[in-house]
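One structure is given below, encoded as structure tokens.
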């Protein structure tokens, strides 16, 4: 699978593959394209700092030289979870989070 902006390496990280499979099953091609475009815009205009733990070493995209390093990849967390009625594309509902904090928060409302 290859697009002009997002590449899957020859040996992708297993969590990355699992997330990709989960997303492609859950969402249509159009929804995935919309989410990727939103993610790119949001992270390009946001400070790449985790709002929960304060980490500042986050990156927007996987580095080419180390494609399996996902622990520094910035993620978008929905403050009010989409599963509980939060809006997916509302900038006021989105914050930058490190993968560890995003996973730890899950669908909790803080």
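Bear in mind that the values in this text are calculations on the coordinates, not laboratory data. Source: prediction; values computed, not measured. All Cβ positions, glycine included, derive from the backbone under ideal geometry; neighbour counts span all protein chains shown.
Couple of notes before you dig in:
- Using the Cβ-Cβ distance between residue 87 and residue 57 with R0 = 35 Å, the FRET efficiency computed as 1/(1 + (r/R0)^6) comes to roughly 0.75.
- Per-pair calculated FRET efficiency, R0 = 22 Å: residue 28 and residue 69 via Cβ, rounded to 0.05: 0.15
- Model label sites at residue 37 and residue 110, defined 7 Å from Cα along the beta-carbon direction, differ in position by 3.0 nm.
- With each label modelled as a point 7 angstrom along the Cα→C-beta vector, the residue 47-residue 103 pair spans 2.6 nm.
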